[in-house]
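The values are calculated or read from the model by the stated rules, or taken from the named source; none is laboratory data. The shown structure was predicted, so the numbers you read here are calculated from the model rather than taken from an experiment. Methodologically, a virtual Cβ is constructed for each residue, glycine included, from the backbone with ideal geometry; neighbour enumeration extends over all protein chains shown.
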Ligand code: GLA
């Protein structure tokens, strides 16, 4: 990646006021629970969106992305409205819109972006773009917003400006994760706690397998699943599916139409899997996470139905090659798989997945070992 300050200056003719970074994430466990008031356990990955920013006083917002089309996108902040900005720039522009909607007195800026978070891989490249602008604006305008408030503004940008009805997990991971830890977040009251993840000390690694099947939350399937969960909660007289316990599950399922039962079964059992994962991590029993991951994948595949042949194959090939457990991570319909492996088996598991993909005629997956990285911060 280029020196962002120099690249900014070459593009805009002056030095930036600062440079910020916001990471992508993998979610260890707790999928499709964040819009049900449930638990999630994501960690930041060492890939991030970086932004060099300099405020402008004329109300013009300009974006340039190293991964974009080589053009500077220019828009007047007064004219920002949902649907008004096309392509990747809608994510950062949406955050400026959301800040202004929330009553913050912020204007335009020149922004130079560069991200190495793989796009469409279920690793929250869009949340990283949102959160890097949110934190830069906070610092430049002295907004005094904490990491949770920033994440909720970024989520609002994605919900109301971009039009994707996502939960807040990705944005919370990007603003709030800490190096060496996973973020245990209760999305009902937004309380959270850092759970240390001593992978290396225990001879373990997290292998991320990007299946290269492009995942896109905007295609309607995600919205339908979310609506199904909300309908089930309403039928059960609950504020959210989070209120349903494992003990109450059989009785609740009896009251629901057949098509909603698997969704509810997934959400309730997934919340329990997050709690169990946190118990094991807290006790230093990291390897115990393995079977929880694999059970989570089965639930996403069979109950929630958001996996696809490529993610299923990556999971089964990884487990057969010795992974302690594996599952798809993120919204689904493609994207990435996470496998917990012993350090000495890392290469062998990655190679086995690649071989299985070749045999199935799939594109070669991209693999990397992820360590829990820091959340959004100022670089200079
Ligand atoms: C996407 C959304 C998140 C969350 C996950 C599924 O990543 O952006 O809010 O709902 O899917 O767990």
Report yes if residue 314 is within 30 Å of residue 131 (Cβ to Cβ) and surrounded by fewer than 19 Cβ atoms within 10 Å (Cβ to Cβ), otherwise no.
no
Any residue at all in the range 338-351 that is within 16 Å of the ligand (Cβ to nearest atom) and under 21 Å from residue 23 (Cβ atoms)?
yes
Report, by residue number, each residue of the range 103-131 that is within 16 Å of the ligand (Cβ to nearest atom) and either surrounded by fewer than 19 Cβ atoms within 10 Å (Cβ to Cβ) or in a helix (DSSP H, G or I) (or both).
119, 120, 125, 126, 127, 128, 129, 130, 131
Picked from the range 182-201 (must be over 26 Å from residue 318 (Cα atoms) and more than 16 Å from the ligand (Cβ to nearest atom)), the residue surrounded by the most Cβ atoms within 10 Å (Cβ to Cβ) is 194
Filter result for residue 248 (over 21 Å from the mean Cα position of the chain (by Cα), without any contact (Cβ under 8 Å) to a residue 40 or more places away in the chain, within 30 Å of residue 375 (Cβ to Cβ) and in the same structural domain as residue 337 (by TED's automatic domain parsing))
no
Is it the case that some residue within the range 202-210 is buried (at least 18 other Cβ atoms within 10 Å of the Cβ) and within 16 Å of the ligand (Cβ to nearest atom)?
yes
Filter the range 132-181 for residues that are farther than 28 Å from residue 205 by Cα, touching a residue at least 40 places away in the same chain (Cβ under 8 Å) and in a loop (DSSP other than H, G, I, E, B); which is nearest to the ligand (Cβ to nearest atom)?
166
Exclusive hit being over 29 Å from residue 226 (Cβ atoms) and crowded, with 16+ Cβ neighbours inside 10 Å, set 62, 156
62
Condition check for residue 307: part of a loop (DSSP other than H, G, I, E, B), buried (at least 16 other Cβ atoms within 10 Å of the Cβ) and in the same structural domain as residue 331 (by TED's automatic domain parsing):
yes
Scanning the range 69-79 residue by residue, those more than 26 Å from the chain's Cα centre (by Cα) and within 19 Å of residue 58 (Cα to Cα) turn out to be 72, 74, 75, 76, 77, 78, 79
Do we find that residue 82 is more than 25 Å from residue 3 (Cβ to Cβ), modelled with pLDDT of 95 or more, more than 21 Å from the chain's Cα centre (by Cα) and assigned by TED's automatic domain parsing to the domain that holds residue 17 in this structure?
yes
Can you go through 313, 293 and tell me which one is at pLDDT 95 or above and touching a strand residue (DSSP E or B) at 6+ places or on another chain (Cβ under 7 Å)?
293
